[in-house]
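Have a look at the structure below before the remarks.
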Amino acid sequence: MQRTTAEGRGQVRYGPPAPQPGLPVLPELTAVLAAAAWRSAAEPAGGGVPVRAAAARHWGRRGLATDPDHVAAGPGAPALLLALLGAYGGDVMLPRPCPAWWTPQVRLLGRRAYHVPTPAECGGVPDPYALLETVRRVRAEGGDPRVLLLSVADDPTATVPPPELLREACEAAASAGLFVVSDETWRDTVHRPARGLPGAHEHDRLVVLSPAEMLPDDTAVLLDLSGALLPAGWPAAVVRFPGTPHGTWLRARTLDVLTATGGLVAGPVAGAAAHALDEPAAVAGRAAAAAALHGAVARAAHRELLAAGALARPPQAGRHLYADLTPLRSGLARQGIGDAMELEDWLGGRLGAPTPGGQRFADEPVAPRVRLSTGPLLGATPEEQLAALTAADPLALPHVRDSLARLRSVLAALSD
């Protein structure tokens, strides 16, 4: 996370990267991209039929029947969200904490972003009662909240909202007249999904629901393929609009913004995106294996945090976990660390990897919270990373053990 000066910490261009996979690109995807390299033209605004149809099939397999004409593709989730919010209008309600890139999107449009605390159980969704009260107060003060942005598998907290909490948040949004945008980028990175885990205990399995199942006429679903399917360097994302006249209008307005801003998917990337969205065996297998690997390493890192006296919700999805070092205040003070920004610098320097502080995620800057990524723990070379992916017990590999030992040693410097 590069910065210009200490005073420039908040600049968007120096913000934290999304959690990286820490794994080489799947050879099958490289071959598909190479085969489409002859395509010199970009996709039309909103994407061509093949990528939209593949996205419709992808959602259909998850219980969301989708017409390709209700889908739009763009060069990454930020470009699509910017276009969608620009088309819809109004201020935006967001959970606190939330992904680092959400709030800048809202403010870039000249809109106001209002952050609502999340429940104790999870991140990703606002507390329903706090949401209703915040909307009431904002409207009383002249604000215009129209959109609720949430996630069903959360960055930064690595948690999945329980179905009942997600339903209550959706009911609160409907009661407040808010349109829901559900970021489901990390949905398929759940460490212990309900399907595909023979022998897993029932209580270990996670069911991930979409607000589109609860509010089908008032929810758009956003999916960045760099979450589980494509490398970050191949930007592609898709959004599913409601199959209603209002959804058709919103999609058309969104395509207008994409056209005006040049938000088009590169032709070769669109081919790789369509292939990945159809989830052939190699792609689905890599995604499942990567999720299981990150889950195993995240649980080990979580144990190290708890042993040192820190707090963290058990990680359930993604390539990261969110740590609260408030119980280690005395140790932090010994190191001259007084807030999340200083903790970010100190930890990042000692771990040799980005450890963005909570201030990046709209959390309280004075709270010593950080997002730790599991990707850097998997190895420094493609050979080490693939060894971790294929190992029966990745935690037994020397380079993974060494990475966890380094984390343990750094945390020990903060313990009493």
P(r) of the range 142-189 in 10 Å steps, Cα pairs, percent per bin?
25, 50, 22, 3
Cα coordinate range in the range 30-157, projected on the principal axes (Å, largest first):
54, 32, 26
Using per-residue counts of other Cβ atoms within 10 Å, averaged over each peptide, order 355-363, 168-176 from highest down.
355-363, 168-176
For the ranges 208-219, 299-310, what's the packing order if you count other beta-carbon atoms within 10 Å of each residue, average per peptide, and put the highest first?
208-219, 299-310
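Report relative contact order for the range 1-139 in percent, whole number only (criteria: Cα-Cα under 8 Å, sequence separation at least 6).
14 percent
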Provide the convex hull volume over Cα atoms per residue for the range 284-416, in Å³.
100 Å³
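On the accessible surface of the range 1-120, probed at 1.4 Å, how many percent belong to carbon and sulfur atoms?
Taking all protein chains in place, the range 1-120 shows 59 percent carbon and sulfur surface.
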Quick one: work out Rg over Rh on the C-alpha atoms of the chain, Rh as Kirkwood radius.
0.95
Classify the range 158-276: rounded, prolate or oblate, from the alpha-carbon gyration tensor (a ≥ b ≥ c, eigenvalue square roots; a/c under 1.5 rounded; otherwise prolate if a/b is larger than b/c)?
oblate
Sort 376-386, 114-124 for me by packing, meaning the mean count of neighbouring Cβ atoms within 10 Å per residue, highest on top.
114-124, 376-386
Separation of the Arg137 and Ser409 label points, Cα + 7 Å toward Cβ, nm
4.6 nm
Skip the ligands, DNA and RNA, and give the accessible area per residue of the range 364-416 with a 1.4 Å probe, whole Å².
49 Å²
Average the reciprocal distances over every distinct pair of alpha-carbons in the range 109-169, invert the result, and give the Kirkwood radius in Å.
12.3 Å
Rh (Kirkwood; distinct C-alpha pairs) - the range 105-234, Å
15.8 Å
Quick one: ranking Arg111, Arg329, Arg52 by accessible area, 1.4 Å probe, largest first, what do you get?
Arg329, Arg111, Arg52
Suppose R0 equals 30 Å. What FRET efficiency, 1/(1 + (r/R0)^6) with r the Cβ-Cβ distance, do Asp278 and Trp38 give to the nearest 0.05?
0.90
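Write down the accessible area per residue of the range 36-95 in Å², having rolled a 1.4 Å probe over the full set of protein chains.
Roughly 34 Å² per residue, with all protein chains present.
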If the elastic network links every pair of Cα atoms under 10 Å, which of Pro27, Pro368, Pro97 fluctuates the most in the Gaussian network model of the chain?
Pro27
Could you look at the range 241-371 and say what percent of its accessible area is carbon and sulfur, using a 1.4 Å probe and all protein chains?
61 percent
Over the chain, what is the relative contact order in whole percent, taking alpha-carbon pairs under 8 Å and six or more residues apart?
21 percent
Pull out a ≥ b ≥ c, the square roots of the eigenvalues of the alpha-carbon gyration tensor of the range 255-362, then state rounded if a/c is under 1.5, prolate if not and a/b is larger than b/c, and oblate in the remaining case.
oblate
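The values are calculated or read from the model by the stated rules, or taken from the named source; none is laboratory data. The structure presented is a predicted model; accordingly, all values stated were derived computationally and were not measured. Don't worry about glycine lacking a Cβ; one is built from the backbone with ideal geometry, like all the others, and counts go over all protein chains shown. The accessibility values were calculated without ligands, DNA or RNA, using every heavy atom of the protein model including side chains. Shrake-Rupley method; radii C 1.70, N 1.55, O 1.52, S 1.80 Å.
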